[in-house]
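Enquirer: Below is a structure I'd like to ask you about.
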Amino acid sequence: MTAVERLPAALARRIALAAQGFADPRPATAIGTRQLRRLTDRLSVVQIDSVNVLSRSHYLPAFSRLGPYPRPALDALSNRRHELFEYWAHEASFLPVRLHPYLRWRMAAAHQEAWGSMTRVQRERPEYVAALLDRVKSDGPIRASQLQEERPNRPGSMWNWHAGKAGLEYLFFTGALTATARTAGFERVYDLPERVLPAEIVAAPTPDRADAVRELVRAAARALGVATETDLRDYFRLSPADARTAIAELAHAGELQPVEVAGWSRPAWLDPAARRPRWVRARALLSPFDSLVWERPRVERIFGFRYRLEIYTPAVKRVHGYYVLPFLLGDRLVARVDLKADRQAGVLRVQAAHAEERTDRDVVAAALADELRLMAGWVELGDVAVVERGDLWPDLSRALRVPSSPA
């Protein structure tokens, strides 16, 4: 029996960062389609979220890894080139189009996988859903706002969909429709897959569920580097039974290597092809929906960084702020900042800044100031402003050489 390799925690952390693209230096030349294609292929999943207090979240992972890039180039990969497609993976996500066949089992299992008003409208009004599909077939792409439907009044619900939106989402979930684009207002535009996806993808055979799940776990392992079973399962939101079977099969084939990581309470799996860098010299602000940090227990296990999204927490109960981005420096998460793009004032507003314990605040503040200036330019804002909130704001204000404002 082969001995299970034991990885030091610091090496496991560097492996995870390298798998996510943080061990590579940022390009010194203009960033375009080639670099964005390579990055999205490496990550496999780029989560989408509607919150736009700073920037749409799917734009941020590429900025974190590559630096300032033209956002229209990323839009073109999904809207024009259709090298990325939109579907429910981790959550609503952009994925490389090669993965489309491997998610068709989820589309076919919509009666089990979908939820809420999507399934209700299909159950209660199947003829209406069928008519929506016929309308797209005959009239072309459609947005939910084009349908003359009254929106239900359900205060506090984030899924406040009218019947037309729910019907279109059901068809989207089943794969009968796909997204051909997002509007400037971030509304999904629906169309038939055969009019959107590359012909070779539409014609590709549908793998059986076991083969498909195995490929999704394979993709997750490449994107994570080293991971527990839960980490691998969470990347595409797979069921425990499906994931365990796929992991066992990949391990038997030598595509996953069992390892123990110092300080981890659970067994882990290593991608044998994963890079093992001696150091990582990253500097990045991370979206709350970045695949490096979206699974909070993994973040705490790897970085010792307790991170919670407080968007849905009442303002008076928030600890760190509304839209808080962790700050990666080297191979550590060393601080967190609550950011807002104040477009009326033309500033990137740091609404709170907190440092982790046992960090050199002068070093952290200087590096964070540089990254904030870079981000401000990328989101087309002129200045960075610091609010007097959190324990890092005095150091950050000095590093930026800007006056602060009271909380």
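Enquirer: Identify the single condition in (1) farther than 29 Å from Ala199 by Cα; (2) open to solvent by less than 30 Å² (accessible area, probe 1.4 Å); (3) in contact with a helix residue (DSSP H, G or I) (Cβ under 9 Å, 6 or more places away or on another chain) that Ala18 does not satisfy, given that it satisfies every other one.
Expert: Among (1) farther than 29 Å from Ala199 by Cα; (2) open to solvent by less than 30 Å² (accessible area, probe 1.4 Å); (3) in contact with a helix residue (DSSP H, G or I) (Cβ under 9 Å, 6 or more places away or on another chain), Ala18 violates only (3).
To keep it simple, each residue is scored yes or no on (1) free of Cβ contacts under 8 Å to residues at least 24 places away in the same chain; (2) hydrophobic (A, V, I, L, M, F, W, C).
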site: Val261; (1), (2): no, yes
site: Leu286; (1), (2): no, yes
site: Ser291; (1), (2): no, no
site: Trp294; (1), (2): no, yes
site: Arg301; (1), (2): no, no
site: Thr313; (1), (2): yes, no
site: Lys317; (1), (2): yes, no
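Enquirer: Where residues in the range 187-210 are among the acidic types (Asp, Glu) and free of Cβ contacts under 8 Å to residues at least 24 places away in the same chain, which of them is farthest from Ala268 (Cα to Cα)? It would help to see each step written out before you state the result.
Expert: The first filter runs over the range 187-210 and keeps only residues among the acidic types (Asp, Glu), leaving 187, 191, 194, 200, 208.
From the residues that got through so far, the ones that are free of Cβ contacts under 8 Å to residues at least 24 places away in the same chain too are 194, 200.
Numbers: Glu194: 40, Glu200: 36 Å.
My answer is Glu194.
Enquirer: If we keep just the residues of the range 228-251 that are closer than 24 Å to Val46 by Cα and of a type in the set (Asp, Glu), which is least open to solvent (accessible area, probe 1.4 Å)?
Expert: Asp231
Enquirer: OK, next. Show the residue pairs meeting these rules: Cβ distance below 9 Å; 6+ apart or different chains; first residue within the range 335-348 and over 18 Å from Leu392 (Cβ atoms) and in contact (Cβ under 8 Å) with a residue 40 or more places away in the chain; second residue acidic (Asp, Glu) and in a loop (DSSP other than H, G, I, E, B).
Expert: Ala341/Glu380
Rundown of residues vs (1) aliphatic (A, V, I, L, M); (2) under 13 Å from the mean Cα position of the chain (by Cα), yes/no style:
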| residue | (1), (2) |
| --- | --- |
| Ala10 | yes, no |
| Ile15 | yes, no |
| Ala19 | yes, no |
| Pro25 | no, no |
| Gln35 | no, no |
| Gln47 | no, yes |
| Leu54 | yes, no |
| Pro61 | no, yes |
| Pro68 | no, no |
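Enquirer: For the range 70-139, give me every one of the helices (runs of 4 or more DSSP H) that falls completely inside it and has 3 or more residues that are modelled with pLDDT of 95 or more, open to solvent by less than 40 Å² (accessible area, probe 1.4 Å) and in the same structural domain as Leu36 (by the TED database). Before the answer, list the steps.
Expert: Working: elements: 71-79, 104-108, 110-113, 116-124, 126-139.
Where helices (runs of 4 or more DSSP H) fall fully within the range 70-139 and carry at least 3 residues being modelled with pLDDT of 95 or more, open to solvent by less than 40 Å² (accessible area, probe 1.4 Å) and in the same structural domain as Leu36 (by the TED database), they are 71-79.
Enquirer: Could you pull out every one of the strands (runs of 3 or more DSSP E) wholly within the range 330-407 that has 3 or more residues that are at pLDDT 95 or above and on the phi < 0 side of the Ramachandran plot?
Expert: By residue number, 332-342, 347-355, 383-388.
Enquirer: Among the residues of the range 379-392, is any closer than 22 Å to Phe22 by Cβ, β-branched (Val, Ile, Thr) and not assigned by the TED database to the domain that holds Ala92?
Expert: Checked the range 379-392: at least one residue is closer than 22 Å to Phe22 by Cβ, β-branched (Val, Ile, Thr) and not assigned by the TED database to the domain that holds Ala92.
Enquirer: Which residues, taken from the range 303-329, are open to solvent by less than 30 Å² (accessible area, probe 1.4 Å) and in a loop (DSSP other than H, G, I, E, B)?
Expert: The initial filter retains those residues of the range 303-329 that are open to solvent by less than 30 Å² (accessible area, probe 1.4 Å), namely 303, 305, 307, 310-311, 321, 323-328.
Result: Phe305, Tyr307, Glu310, Ile311, Gly321, Tyr323.
Enquirer: Scanning for something assigned to a loop (DSSP other than H, G, I, E, B), in contact with a Gly (Cβ under 7 Å, 6 or more places away or on another chain), surrounded by fewer than 21 Cβ atoms within 10 Å (Cβ to Cβ) and not hydroxyl-bearing (Ser, Thr, Tyr), does the range 45-65 turn up at least one residue?
Expert: First, pick out the residues of the range 45-65 that are assigned to a loop (DSSP other than H, G, I, E, B): 45, 48-56.
Cutting the leftovers down to in contact with a Gly (Cβ under 7 Å, 6 or more places away or on another chain) gives us none.
No - not one qualifying residue is present in the range 45-65.
Enquirer: Filtering the range 146-201 down to residues that are modelled with pLDDT of 90 or more, under 20 Å from Ser50 (Cβ atoms) and of a type in the set (S, T, N, Q), which residue is most open to solvent (accessible area, probe 1.4 Å)?
Expert: Gln146
The values are calculated or read from the model by the stated rules, or taken from the named source; none is laboratory data. In this text, all values refer to a predicted model and were calculated from it rather than measured experimentally. Here Cβ is always computed from backbone atoms with ideal geometry, including for glycine, and neighbour counts include all displayed protein chains. With ligands, DNA and RNA removed, areas are computed over all heavy atoms of the protein, side chains included. Shrake-Rupley method; radii C 1.70, N 1.55, O 1.52, S 1.80 Å.
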